[in-house]
Amino acid sequence: MINLSSTGTRMPMQAPEERTGNFNEVAEGYTEEMAVREALRCLQCREHPCMTEGCPVSNHIPDFIKQITEGDFEEAYQILLSTTVLPAVCGRVCPKYLQCEGNCVRGEKGRPVAIGSLERFVADLHRKRVKAGEIEEKSGAEAADRDASAAGAGKVAVIGSGPAGLACAKDLAAAGHEVTIFDRQQVPGGVLAYGIPSFRLPDEVLAFEIDGLSAAGVHFEFGKELGKDISIDALLGEMGFSAVFLGNGTGRPMGLGIPGTELSGVISAADFLDRLNAAGEDTEKLGKVLPDAKTVAIIGGGNVAMDACRSAVRCPGVDKVQVIYRRSVKEMPADPAELAEAMEENVEFIYLTAPLEVLGEDGRVTGLKCQKMELSEPDASGRRRPVPIEGSEYTLPADAVIEAIGCQSENGDMDGLDGIELSEGKNLFLVDQETLSTSRPGVYAGGDTVTGPKTVIAAMGAGRKAAREIDRFLRNA
Ligand code: SF4
Ligand code: SF4
């Protein structure tokens, strides 16, 4: 029977006053009873816009939810696994309100079905059951063995172990190809591993899903950077690969470009989150990430700014965190749920304000010179620009400043691309939109390195699309 509740089933969370004292996951997950109750809100729509309009990897949303209503949680998991590599990750970090849940018809009169929470539930339950020895993890090797004998199976190099690379590698391995992922870091996952704090994505959740790829036959080589340790010529030449997928993301943090950013105490959000993830639960190491900082200013208004401010709140010794954003809350690109959780955690938000200069003494940050802004009338694109208000400058005390204004491509400075064309200005890989092939035959690219920073699941969708094209290329070669 359909559950007609318009408010849905809330997931239990750590209380704000408790969670700001630890890096444990904030959302605690559904119980089986809660999951079934929420799944019963799904209308099993014939058109299912949640899936066709909302999910970049076309997860079979009504089908997996139906299995939950019938209590067959493992079958629900297997349905998800036919389209996604990282269900426990995506259920947590996807901007669902813009994607599947944003297209759910139940959202027209109340809360949409909590699709992400249900996806997370079945993936978490599967992981727990495998770890408890209650069920066996399928390695995927059987599928690979079956297809490996098919004509055209080849050797593919994947650059980058972020979401695009992982998705591409998984589909290629399942199609019988021999896949090696090269990553310049020492741990797999790309931005998932070093850019998302553990209170949103615990390490063990990511590690389990990546282990699934190893079990499916994907090889990993760490500490191998394109342009330094390997090149496209070498991969397609002496290293014997028949095709390459470039999924190296956009890893260079953008700076504020204002005076004073060379001072000690100014850090990019990417570096900050990376150092926090490396520190893990070691209090001494955590204390060194923002040394001697009591008041922290975060510049930016996107999801990385939310991750940074919520992480800063949890750092030992920090007692005040302020986010400075040059537009108003209405224009803020951050996920509203993340924003609400940050506010619950006592992060302060200073809107319509831009930093002009980082101020310092003896080489260390002491504050930010800021200026008030107002929004212009909408321009031709409907966007309201922030305009400085003359004479409104003031100083905001701060001991540390975190720049969270986005990342850009490093492709322009990379050697070893050997003839792959880049877009002018942004240095993103130029690809044929239909096939994701670059200017060099056999070399494909997808995810942020082509589009600029987007979502995890959009990158995964690109990785899957490239895998289909690479498979076709190899079988026709
Ligand atoms: Fe929604 Fe993301 Fe899951 Fe697709 S992968 S169903 S967009 S949470
Ligand atoms: Fe279920 Fe919502 Fe999708 Fe309809 S749109 S099938 S109610 S999840």
Original post:
Counting pairs of alpha carbon atoms under 8 Å apart in space and at least six apart in sequence, what relative contact order in percent does segment 314-453 give?
Top reply: 15
Subject >> segment 205-286 - convex hull of the alpha-carbon atoms, volume per residue in Å³ >> reply: 162
Original post:
What would the Debye formula give as log10 I(q)/I(0) at q = 0.13, 0.20 Å⁻¹ for the alpha-carbon point model of segment 208-347, no solvent?
Top reply: -0.78, -1.21
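Can you give me the relative contact order of the chain as a percent, contacts being Cα pairs under 8 Å and 6 or more apart?
16
Whenever you get a sec, compute what percent of the accessible area on the chain sits on carbon and sulfur atoms (1.4 Å probe).
Carbon and sulfur atoms account for 49 percent of the accessible area of the chain.
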Original post:
Packing-wise, with mean Cβ within 10 Å as the measure, how do 17-25, 319-327, 48-56 rank, highest first?
Top reply: 319-327, 48-56, 17-25
**OP:** Estimate the FRET efficiency between Arg10 and Lys426 by the formula 1/(1 + (r/R0)^6), using the beta-carbon distance for r and 45 Å for R0, to the nearest 0.05.
**Re:** 0.65
Subject >> Loop GluC sites (Glu not before Pro), segment 408-477, which have at most 14 other Cβ atoms in a 10 Å radius of their Cβ (DSSP) >> reply: Glu421, Glu424, Glu434
Subject >> Gyration tensor verdict on segment 327-415 (Cα atoms; rounded if a/c is under 1.5, prolate if a/b is larger than b/c, oblate otherwise) >> reply: rounded
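Compute the length gained on full extension between Glu74 and Glu32: take 0.36 nm times their separation in residues and subtract their Cα-Cα distance, giving the result in nm to one decimal.
That works out to 13.9 nm of additional length.
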Original post:
Points 7 angstrom from Cα along the Cβ direction at Glu47 and Glu284: gap in nanometres?
Top reply: 6.1
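Using a ≥ b ≥ c from the Cα gyration tensor of the chain (square roots of the eigenvalues), is it rounded, prolate or oblate, where a/c under 1.5 gives rounded and otherwise the larger of a/b and b/c decides, a/b for prolate?
Details: a/c = 1.70, a/b = 1.23, b/c = 1.38.
Because a/c hits 1.5 or more and a/b fails to exceed b/c, the chain counts as oblate.
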Original post:
So which trypsin sites (Lys or Arg not before Pro) in segment 20-112 pass both tests, a DSSP loop state and at most 12 other Cβ atoms within 10 Å of the Cβ?
Top reply: Arg46
Original post:
In nanometres, what is the gap between the two model label sites at Glu361 and Glu374, each 7 Å from Cα along Cα-to-Cβ?
Top reply: 3.5
Original post:
Mind ordering 304-313, 3-12 by average Cβ neighbours within 10 Å, highest first?
Top reply: 304-313, 3-12
Original post:
In debye, nearest 20: dipole of the chain around its Cα centre with unit charges on the Cβ of K, R (+) and D, E (-)?
Top reply: 940
Original post:
Per residue, what accessible area does segment 257-302 have, given a 1.4 Å probe and all protein chains present, in Å²?
Top reply: 47
Subject >> Förster-model FRET efficiency, 41 Å R0, Ser264 and Lys128, C-beta, rounded to 0.05 >> reply: 0.40
Subject >> Inter-label distance, nm, simple model (7 Å from Cα along the C-beta direction), Asp233/Arg384 >> reply: 5.5
**OP:** Find how much the distance from Glu137 to Ser58 grows on full extension, using 0.36 nm per residue of separation minus their present alpha carbon separation; answer in nm with one decimal.
**Re:** 26.1 nm
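The values are calculated or read from the model by the stated rules, or taken from the named source; none is laboratory data. Computed from a prediction, not measured in an experiment: that's the story for all the values here. When we count neighbours, we look across all protein chains shown, and the Cβ atoms used for this are built from the backbone with ideal geometry, even at glycine. For the accessible areas, the whole protein counts, side chains as well, though only heavy atoms, and no ligand, DNA or RNA atoms are used. Shrake-Rupley method; radii C 1.70, N 1.55, O 1.52, S 1.80 Å.
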